[in-house]
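Below: one structure, written as structure tokens.
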Amino acid sequence: MAASNPKTIEPLFPIPENFSEIFDFIPDVNFYLKDRDSRWRACNSAALASFNARTTEDILGRSELELFPLHIAEPILKDDRHVMDTGQPIVNKMEVVVDEHGHLVWVTTTKLPTRSTDGSITGIMGITRILRRTEMLPEGYRQFSKAVCFIQENYSRVIDIKELARLCCLSDSQFRKKFRKLFRTSPQDFILGVRMQAAARLLVSTDQPIVEIALKSGFCDQSYFTRKFSMFLGDSPKKYRDRWQGQRRGKE
């Protein structure tokens, strides 16, 4: 008997609607399925919570461009497109991101292409796992955990890179070189990104004056903050607040 082509074999049974619920029993894991346009088609409750969404109707059928500001959405969609265009998975990509509470967390992300029975790529499936303990980090990243924690706790004040280097038991030049290699950015730009994320979160979630948000986020004055914010996010703080608060009100 000739061997069957595995790409043409029909599934033995239909995939159940609630299959993603099994991932709710794996701590700190977000699971999701997306179609060819990177629109969310399924997710577990942890992934839902990461959007501060109440029901799946808030996110299913939408892409990150509709859920996040552009500077957050673009890198995610770039990875999605790479997996779908090449068919090659992204495995255990390490990142430091801001969670739904505004805290820096280490995560590792894996994305694989999904395929139909004829082998064509239909989208992606992925898991993002939060690594809450230092011992869970790959060895190369553990050395920087104290520096990342220090930035999280002190981004509202001036941070000396030499101070971060001492926390990691490295010279200033060693720290800068290793940091850039691991995080694909300089320590200064990493700190700036953390400050921008903090400011963006406060602009959307509070009605605090912009000058107060600037100071809380580590900027010396409002005009400097406005220039940097506009360069980083493409909108002035006021326009950013108006746009994203308006979208939030539209969902309620």
## Note on the structure
In debye to the nearest 20, the charge dipole size for region 138-251, taken about the Cα centre with +1 at each Lys and Arg Cβ and -1 at each Asp and Glu Cβ, equals 380
### Query
Which residue, Ala214, Ala200, Ala53, has the most motion in a Gaussian network model of the chain that connects Cα atoms within less than 10 Å?
Ala53
### Task
Provide the per-residue ³J(HN,Hα) series for region 28-43, in order, calculated from phi with Karplus coefficients 6.51, -1.76, 1.60 and θ = phi - 60°, each as a whole number of Hz, with x at glycine and proline positions.
6, 10, 9, 10, 7, 10, 10, 8, 5, 9, 6, 8, 5, 10, 7, 6
#### Entry: Amide H contacts of Arg115 (H built 1.01 Å from N, under 5 Å, at least 5 apart or other chain)
Thr122
### Query
Which ³J(HN,Hα) values, rounded to whole Hz and listed in residue order, are derived for region 169-183 from phi using the Karplus coefficients 6.51, -1.76 and 1.60 in 6.51 cos²θ - 1.76 cosθ + 1.60 with θ = phi - 60°, glycine and proline given as x?
6, 10, 6, 4, 5, 5, 4, 4, 5, 5, 4, 4, 5, 7, 9
### Query
Among Ile191, Ile22, Ile130, whose mean-square fluctuation peaks in a Gaussian network model of the chain (Cα, cutoff 10 Å)?
Ile22
#### Entry: Over region 40-175: Rg over Rh, Cα atoms, Kirkwood Rh
1.04
### Task
Any chance you could give the angle, 0 to 90 degrees and rounded to 10, that helix 222-233 forms with the longest Cα principal axis of the chain?
20
### Query
Can you give the angle from 0 to 90° between the axis of helix 187-205 and the longest principal axis of the chain, with both taken from C-alpha atoms, to the nearest 10?
80
### Query
Along the charge dipole of region 124-245, which of Cys220, Pro209, Thr128 sits closest to the positive end, that is, farthest toward it, with unit charges on the beta carbon of Lys, Arg, Asp and Glu (+1, +1, -1, -1)?
Thr128
## Note on the structure
Computed for the chain: size of charge dipole around the Cα centre, +1 on C-beta of each Lys and Arg, -1 on C-beta of each Asp and Glu, debye to nearest 20, value 900
### Task
Rounded, prolate or oblate: pick one for region 113-252, where a ≥ b ≥ c are the square roots of the eigenvalues of its C-alpha gyration tensor, a/c under 1.5 means rounded, and failing that, prolate if a/b is larger than b/c, else oblate.
oblate
### Query
GNM, the chain, Cα, under 10 Å: largest mean-square fluctuation among Ser173, Ser217, Ser145?
Ser173
### Query
After finding the eigenvalues of the alpha carbon gyration tensor for the chain, what semi-axes result from the square roots of 5 times each, listed largest first in whole Å?
36, 24, 16
#### Entry: Between 0 and 90°, nearest 10: helix 145-154 axis offset from the chain longest Cα axis
60
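Values quoted throughout were computed directly from the atomic coordinates according to the rules given, and no laboratory measurement underlies them. Note that this is a predicted model, so its numbers are computed, not measured. Ideal geometry is used to build each Cβ from the backbone, glycine not excepted, and the neighbour counts take in all protein chains shown.
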